[in-house]
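The values are calculated or read from the model by the stated rules, or taken from the named source; none is laboratory data. In this text, all values refer to a predicted model and were calculated from it rather than measured experimentally. In this analysis, Cβ positions are derived from the backbone assuming ideal geometry, glycine residues included, and neighbour counts consider all displayed protein chains. The protein model used for the area step is the full one, side chains on, heavy atoms only, and it has no ligands, DNA or RNA in it. Shrake-Rupley method; radii C 1.70, N 1.55, O 1.52, S 1.80 Å.
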Amino acid sequence: MTETPLLSEADVRLEVERLFRRDHRSKLLALFGRGQPGRFELDGLKWEIIPTACELELRSKLPAPGEPSTTGSVYLVDWAEDALPLDVSCRLAGGRIYHVARDARLAALFGARQVDQGLASTALARLVLSGGIDGLRKITGLRLTTNDLWKRVLEARFGIPESALESGAAWLRWVRSSDAGQAFARACEGDDLLRAVRRELLVWLEERLGSVGVLGFRAWELGLVDRAIQALLLLSAVEQSEDAYLRGLVNGQIASIAPGLASEVRGAHAGGTVEALLDAVLSVEDEADRRLLEGAQQHAMSGGASALATASDWLPAGHAAREAAVAAALTKFVDAPSAEALEAVLAAFEHLSAHRLDRAIRRSEHVESRKMAARLSAWLLARRVRPQLAEHGTPWQPAIELARRYTEEGGFLDWARQSLRGMRGAGDALMAAVRRLYGAVDAVARADDQRFAKAYVSWVEAGKPSNEVLPIEHVTKRVVAQFLKGGEHRRLLLVLMDGMSYAAAVQVLQRLRDQRRWSPIAWRTPGWNGQLPIPPVLAAAPTLTEVSRAALFAGVADPRFGDQGTDKDDARWASNPHVRELVGEEPLKVFFRREIHAGHELIDEVKRAVAGDQRVVAVVVNAIERAAQGQPPGRRRLQQDAHPPARGAALGRRRRRARRAARGGPRACRGRRNARRRRAYPGWP
């Protein structure tokens, strides 16, 4: 007997409309099917849907012969296919049982007018028309296609969204999230119709998503989706190996890693898009995915393919192997610096950074430290090939040349050396290689320190000669005054960042350039042809913060400043002869850090001074060093969200509104503790 269809009210209505396009003597109609009682109206005539369970029930519900009828009746018959007793059939329209066409039922079910040719004869259509799936959505067009039918059935039956069927990666992500596959496989075992639907689904998935679609479905049925992905990871890694034995070993392991899926896994891998597929499916930031990677590595190790794990772009052993390669290349370079060894170091660093796990298992400080290690390696090689300082000439000439190098490049070198201490978490071999690199760089820098210290003493004893450097007490004469002499319209904001290292300064400047709101000043000190707008500024002796700061504000150097503190800086600035000569009776005031801020706002006096007509405004800010206090070694650097400091940022906004030129104050030194800050370092590559 043919499977009895479940007829909805819409199916019955459409069939009545089709059959009664031509007039029938009887308004009694028998349809083969089952369903629920109902009523509808068509062309002004009311119809009633009457299910029947047997011949006796049908006879009892037929009107008496000759009885006039003002309504139509549709009898649903599921106990006979074709023939009815003659005395019953002769009273029905057409004298027989009608079968509703499947394509018409499909079209009615989804709100369409047509269906794809052959679609109604599929097992999928039979499943849909059997009424075994609830919640099927209507389509938006007029034609029901095969793709439309599959998408709506999969959504209603398994909760698969349409987006999961758009690509192989989306499909794999969905099957990983669902645990209903094994239940579906068990349901198919005892249902011929479901088995036929499953066969059709495999064909459709292969046509739509290729071999990945079949792999995803089969792995979903077996509950082995993660195992299938692990097998793909190993096959992807084996592509990087030329060892035929290793290739054969991994191919043999696939059957044990993903039982029952070996052919599907190999088919997906043969498609040539596995790397992109894995990249789209896996996230190294996800803990579950990290466990999946560790599981894949265990399969490789236990199966004797440890070399495969170390070659992988995904597995932890591959990352560890690349770190070891960096350590080896760096050690070889430090032992014998050369252009070839440097190329090997840079290639090893790049190869390590390309590993999928690198950003997940190494913090940003660690990655930054690696970049700095590469730069320090290049600097170390550059020191061997760049011209050395002349051994002849005056005793103080090395101080001039080293100071010039330091102002142009030394801050970046300090920055790199400080960042190198943040390389935590690396293996012992890499840490040892980094320490050796740091030692080699430090040895060269210390030699420069000693040479600069001797030459600096000679420079002070010789009366601080040379136009190529500026004693700090000459800054107001050679820089501030020379700038203001350019015209009455010029305004200058002098910001002295007290005690700030040059390494911190270059970070601030780099951040300001990245914001694209600041750029280096175009004005240059007259007679100076260096890379920066002003010559290097050397601290006063003794090299204490108070001494150099006082010398800047006073315009003269006096060793006694160290005993007087900073309380007199306001008076020193007010009587500075070089600035006073240009501003006349205009008040000269220094705003100190304790008096420029009220909460998060500049005080009104500072706002008026910066925005007003005063030609020079001086402000002391030392938020840089305070912000760095308390940070562990290697992390004592300015964070992206921490600079410019609040006070500096607010001053900058006021300065831009007042159209003042800004000039950062010179770096003061703090005795022995700041000795490294006043050293002149050689070139930065």
Residue pairs within 6 Å by beta carbon, gap of at least six or interchain, first lying in region 259-287 and in contact (Cβ under 8 Å) with a residue 12 or more places away in the chain, second of a type in the set (S, T, Y) and open to solvent by less than 60 Å² (accessible area, probe 1.4 Å), listed first then second, are G267/S211; A268/S211; G271/S211; V274/S236; E275/S236
Counting only helices (runs of 4 or more DSSP H) entirely within region 32-143, those with at least 3 residues that are touching a strand residue (DSSP E or B) at 6+ places or on another chain (Cβ under 6 Å) are 102-110
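Listed here are the residues, each with its yes/no results for (1) in contact with a Cys (Cβ under 7 Å, 6 or more places away or on another chain); (2) within 17 Å of L7 (Cβ to Cβ); (3) touching a residue at least 24 places away in the same chain (Cβ under 8 Å).
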{"residue": "R22", "(1), (2), (3)": "no, no, no"}
{"residue": "S26", "(1), (2), (3)": "no, no, yes"}
{"residue": "A30", "(1), (2), (3)": "no, yes, yes"}
{"residue": "L56", "(1), (2), (3)": "no, no, no"}
{"residue": "P63", "(1), (2), (3)": "no, no, yes"}
{"residue": "P68", "(1), (2), (3)": "no, no, no"}
{"residue": "L76", "(1), (2), (3)": "no, yes, yes"}
{"residue": "A80", "(1), (2), (3)": "no, yes, yes"}
Those residues of region 460-482 which are open to solvent by 20 Å² or more (accessible area, probe 1.4 Å) and either modelled with pLDDT of 95 or more or within 21 Å of E581 (Cβ to Cβ) (or both) amount to H474, K477, R478, Q482
If you go through E275, E287, the only one that is open to solvent by 20 Å² or more (accessible area, probe 1.4 Å), of a type outside the set (A, V, I, L, M, F, W, C) and closer than 12 Å to L234 by Cα is E275
Being open to solvent by 60 Å² or more (accessible area, probe 1.4 Å), over 20 Å from S501 (Cα atoms) and in contact with a helix residue (DSSP H, G or I) (Cβ under 6 Å, 6 or more places away or on another chain): is that true of R384 here? no
Of the listed residues (A571, A618), the one being open to solvent by less than 40 Å² (accessible area, probe 1.4 Å), within 24 Å of L470 (Cα to Cα) and at pLDDT 90 or above is A618
Of the residues in region 447-489, those that are within 49 Å of the chain's Cα centre (by Cα) and among the β-branched types (V, I, T) come to V469, I472, V475, T476, V479, V480
Within region 350-370, restricting to residues that are under 14 Å from the mean Cα position of the chain (by Cα) and in a helix (DSSP H, G or I), the one that is surrounded by the most Cβ atoms within 10 Å (Cβ to Cβ) is D358
Note on region 523-560: residues over 19 Å from A462 (Cβ atoms), of a type outside the set (D, E, K, R) and open to solvent by 20 Å² or more (accessible area, probe 1.4 Å) are W523, P526, G527, W528, N529, Q531, L532, P533, I534, L544
Here the residues within region 157-167 that are touching a residue at least 12 places away in the same chain (Cβ under 8 Å) and either in a helix (DSSP H, G or I) or among the basic types (K, R) (or both) are R157, F158, L165
